[in-house]
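A short worksheet on the structure shown next.
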Amino acid sequence: MTATVAVGEGSEWAVETRGLTKRFGSNVAVSGVDLRIPRGCAFGYLGPNGAGKTTLIRVLLGLTQADAGSMWLLGQPVPQHRDLALARVGAIVDEPRFHAHLTGRQNLQVLAAAREPAARGRIEAALERVGILHRADDRVSKYSMGMRQRLGVAACLIGDPQLLILDEPMNGLDPAGMHEMRDMIRALVGEGRTVVLSSHLLDEVERTCDAVAIVDRGNVIRQGPISELLAGAAVTLQVDCSEPRRAGALLAETNLPVTVAIEENGLAVTLAGGEPRDVIAEIARILISGNISVWRLQLVQTSLESWFLQITSRLGED
Ligand SMILES: Nc1ncnc2c1ncn2[C@@H]1O[C@H](COP(=O)(O)OP(=O)(O)O)[C@@H](O)[C@H]1O
Ligand SMILES: [Mg+2]
């Protein structure tokens, strides 16, 4: 009896790795990486240059062999079922490469010829989807970096992928190009696809992705939904008030779970625990009953960047 499992079924993870390791001599580029990338989200693999992002992607795609560990793409073990898994995976590693003397459409025709028959029928929609249909008959040599990146995504889409893996898709793009790429990634996720992207740009990952793994020197330091990671971060309350020194002293006399920094026009209060609403209400009571004039109380949203700098200072150096 044979059991047939359609690609994409049988696992809640789009990508799963256990103990994945890749060495170049004594250099451990990917070090015991355990990833669990949920389906239907944009997932950022975030780390500085040299952290091992491209190497991880190359290992996932079977472009280079792992030294240790196991991995699954869309529920399929790879490399064992590599062809089955990769049939529903689209990837751009490093920069997308095309024949510069052919047009965008011709490039997709060449790629479609190597895929299943249905791929050819997806070319027009893919060109339109990434917004370059009006330039489809221009040679790729005339394309900007942003248009090449988009053609790269179109090349992925002709395979109707459930999973897209994009290595540094924002590289070489100007702010407008980054904005378009971000919108496109969100739209692909909106269609139920999973997009995994690597990046060294904290800000872009924060804006584009739902979940993230932070990688440094081959090691994944943290991973999870961005909202959950940030929920564990310290929260800062900006207080604009009179007599900052006396206000700070009043708060220091209490046993509230806060750290207070005195500023020119008030206080920056870091909340180290407790329910923020209760702590803020108590701060307001203490200051006002101490005859301090309070002009503004504002909770400052922790960004991924400031959170990241709390757990390691290394990214900030790059
Ligand atoms: N083919 C290779 N041969 C030897 N070392 C490599 C090779 N590819 C990558 N490395 C090394 O592995 C580490 C990770 O590189 P890479 O995966 O390209 O990082 P990232 O993509 O995060 O910038 C770096 O120290 C790099 O020098
Ligand atoms: Mg890289």
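The values are calculated or read from the model by the stated rules, or taken from the named source; none is laboratory data. Bear in mind that the values here come from a model prediction, so they are computed numbers and not experimental data. Note that each Cβ is placed from the backbone with ideal geometry, even for glycine, and that neighbours are counted across all protein chains shown. For the accessible areas, the whole protein counts, side chains as well, though only heavy atoms, and no ligand, DNA or RNA atoms are used. Shrake-Rupley method; radii C 1.70, N 1.55, O 1.52, S 1.80 Å.
At-a-glance table
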{"item": "Selected residue [touching a Ser or Thr at 6+ places or on another chain (Cβ under 7 Å) and charged (D, E, K, R)] from GLU124, GLU168", "result": "GLU168"}
{"item": "All positions within segment 25-77 that are open to solvent by 10 Å² or more (accessible area, probe 1.4 Å), in contact with a Phe, Trp or Tyr (Cβ under 9 Å, 6 or more places away or on another chain) and more than 8 Å from ligand 1 (Cβ to nearest atom)", "result": "ARG36, PRO38, ARG39, TRP72, GLY75"}
{"item": "Residue count for segment 73-107, restricted to those that are at positive phi and out of contact with any Lys or Arg (no Cβ under 7 Å at 6 or more places or on another chain)", "result": "2"}
{"item": "Test for LEU20: is it open to solvent by less than 10 Å² (accessible area, probe 1.4 Å), under 22 Å from LEU304 (Cα atoms), assigned by TED's automatic domain parsing to the domain that holds CYS209 and in a strand (DSSP E or B)", "result": "no"}
{"item": "Residue match in segment 290-300 (condition: within 23 Å of GLY224 (Cα to Cα) and either at pLDDT below 95 or part of a helix (DSSP H, G or I) (or both))", "result": "yes"}
{"item": "Neighbours by Cβ (under 8 Å, 6+ apart or cross-chain): first from segment 50-70, over 13 Å from ARG23 (Cα atoms) and more than 13 Å from ligand 2 (Cβ to nearest atom); second open to solvent by less than 50 Å² (accessible area, probe 1.4 Å) and small (Gly, Ala, Ser)", "result": "LEU61/ALA91; SER70/GLY19"}
{"item": "Residue list for segment 188-200, filter: touching a residue at least 40 places away in the same chain (Cβ under 8 Å) and more than 19 Å from LEU73 (Cβ to Cβ)", "result": "SER199, HIS200"}
{"item": "Some residue of segment 118-141 being charged (D, E, K, R) and within 27 Å of LEU230 (Cβ to Cβ)", "result": "no"}
{"item": "Counted residues, segment 116-157 - those being in contact with a helix residue (DSSP H, G or I) (Cβ under 7 Å, 6 or more places away or on another chain) and touching a residue at least 60 places away in the same chain (Cβ under 8 Å)", "result": "3"}
{"item": "Given (1) out of contact with any Lys or Arg (no Cβ under 8 Å at 6 or more places or on another chain); (2) without any contact (Cβ under 8 Å) to a residue 24 or more places away in the chain, number of the condition ALA113 does not satisfy", "result": "(1)"}
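Conditions tested, residue by residue: (1) part of a loop (DSSP other than H, G, I, E, B); (2) hydroxyl-bearing (Ser, Thr, Tyr); (3) in contact with a strand residue (DSSP E or B) (Cβ under 6 Å, 6 or more places away or on another chain).
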position	(1), (2), (3)
ILE123	no, no, no
GLU128	no, no, no
GLY131	yes, no, no
SER141	no, yes, no
GLY146	no, no, no
GLN149	no, no, no
ALA154	no, no, no
ILE165	no, no, yes
